[in-house]
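The structure appears below as structure tokens.
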């Protein structure tokens, strides 16, 4: 069996659009007619440019190869271009293609992917969700309202969720880490208080940021929200500064989580070694795929750290996250996005039941992709999957918050 054909589908989720402006889906077919699906999580270049990168990676390093040879193909992608270091864009391309290889292998052997990477350790995976607007919540008011966030949290917990994430701490910007304004700190405390009052001890609070603070600013903010016992403080400073993140971990008293923008175990290793984070959040469509995610999990286990796979993408990446989560002992929880389009695109083959995701038993990723639906929603805009603010931070008034990611 050899990898033969590649097709790339860039689909734009319709409103409400949670999960990004577009999802890059790859369909790989073998010379024996088996098809595998993957998803590339890469937001640093546009989808047309990314399509060219994915095509090149497949043609140059994978076409004609046995899909079993995951490590061999990884070494080609990682090293052959005289790189031999993490490359966010190339590894994003490889990650989706690698996920498709595992889908193929599982279908060929009539086994779910988790059975091929160590077997089932967990029958169900604890889910968490961002706080998204409920029916009747007005936009953009929702993003800045502690009371509306508390209503959303209560609704999720009433449905069985035991962890909710929110990010009220102000804009994330291309200008690097900044000092949060007093408005940002006050609003963050108000969100934590309102949500804690709404859910009590029925749910963990997951405080999200996006690398937007200076070291001192992150410590200042973390200490302000610490009385509400968040389970984690996510990516408080830019992700490329492990040493400074360890200072935040030591000073703020909240477990640090990071990893959605890291790729390969070589970037996760210093995070774990330095104690910068005890919760790592690989995005399997970016970090190197399922097998590299398995290696990151083993590395984390050696440092007594847990995994919480990140998801701001589509349901194929979600399915990969669940297959990995089923096979590892140190899974904490997995991010989940519930929209009709997420479920329709995989014909409801993954579900959330009372706050947990049952691990599928069907072959491969365990999903049934509706290819026609994906193609019926092409992406035709020039904006990136995610974009950071370019304006300078204003400290005179409360910030208008963008939608959560």
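Summary of values
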read-out	value
Qualifying residue in the stretch 194-202 (condition: modelled with pLDDT of 95 or more and crowded, with 23+ Cβ neighbours inside 10 Å)	yes
Test: residue in the stretch 116-125 that is touching a strand residue (DSSP E or B) at 6+ places or on another chain (Cβ under 7 Å) and part of a strand (DSSP E or B)	yes
Enumeration of residues in the stretch 275-288 that are closer than 14 Å to residue 263 by Cβ and assigned to a strand (DSSP E or B)	280
Residue that is nearest to the chain's Cα centre (by Cα), among those in the stretch 22-50 that are in contact (Cβ under 8 Å) with a residue 24 or more places away in the chain, surrounded by fewer than 18 Cβ atoms within 10 Å (Cβ to Cβ) and not in a strand (DSSP E or B)	44
Search result, residues across the stretch 54-99 that are surrounded by 22 or more Cβ atoms within 10 Å (Cβ to Cβ), closer than 20 Å to residue 323 by Cβ and free of Cβ contacts under 8 Å to residues at least 40 places away in the same chain	73
Residue match in the stretch 180-194 (condition: in contact with a strand residue (DSSP E or B) (Cβ under 9 Å, 6 or more places away or on another chain), under 30 Å from residue 393 (Cα atoms) and not in a helix (DSSP H, G or I))	yes
Test: residue in the stretch 289-311 that is surrounded by fewer than 24 Cβ atoms within 10 Å (Cβ to Cβ), in a loop (DSSP other than H, G, I, E, B), modelled with pLDDT of 95 or more and on the phi < 0 side of the Ramachandran plot	yes
Counted residues, the stretch 350-363 - those being surrounded by fewer than 16 Cβ atoms within 10 Å (Cβ to Cβ) and assigned to a loop (DSSP other than H, G, I, E, B)	4
Top-ranked residue in the stretch 216-234 [being free of Cβ contacts under 8 Å to residues at least 40 places away in the same chain and crowded, with 20+ Cβ neighbours inside 10 Å; ranked as nearest to residue 278 (Cα to Cα)]	233
Pair list, Cβ < 6 Å and 6+ apart or interchain, from the stretch 279-297 residues that are over 17 Å from residue 77 (Cα atoms) to residues that are modelled with pLDDT of 95 or more and assigned to a strand (DSSP E or B)	279/232; 279/257; 279/306; 280/307; 281/257; 297/307
Some residue of the stretch 375-385 being in a helix (DSSP H, G or I), under 30 Å from residue 111 (Cα atoms) and in contact with a helix residue (DSSP H, G or I) (Cβ under 9 Å, 6 or more places away or on another chain)	no
Subset tally (residues that are without any contact (Cβ under 8 Å) to a residue 60 or more places away in the chain and surrounded by fewer than 24 Cβ atoms within 10 Å (Cβ to Cβ)) for the stretch 312-345	4
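For every residue, the table says whether it meets (1) surrounded by 22 or more Cβ atoms within 10 Å (Cβ to Cβ); (2) more than 24 Å from residue 388 (Cβ to Cβ).
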{"position": "156", "(1), (2)": "yes, yes"}
{"position": "160", "(1), (2)": "no, yes"}
{"position": "163", "(1), (2)": "yes, yes"}
{"position": "166", "(1), (2)": "yes, no"}
{"position": "176", "(1), (2)": "no, no"}
{"position": "181", "(1), (2)": "no, no"}
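The values are calculated or read from the model by the stated rules, or taken from the named source; none is laboratory data. From a predicted model like this one, the values you see are computed outputs, not experimental measurements. Because the Cβ atoms are built from the backbone with ideal geometry, glycine has one as well, and the counts that use them run over all protein chains shown.
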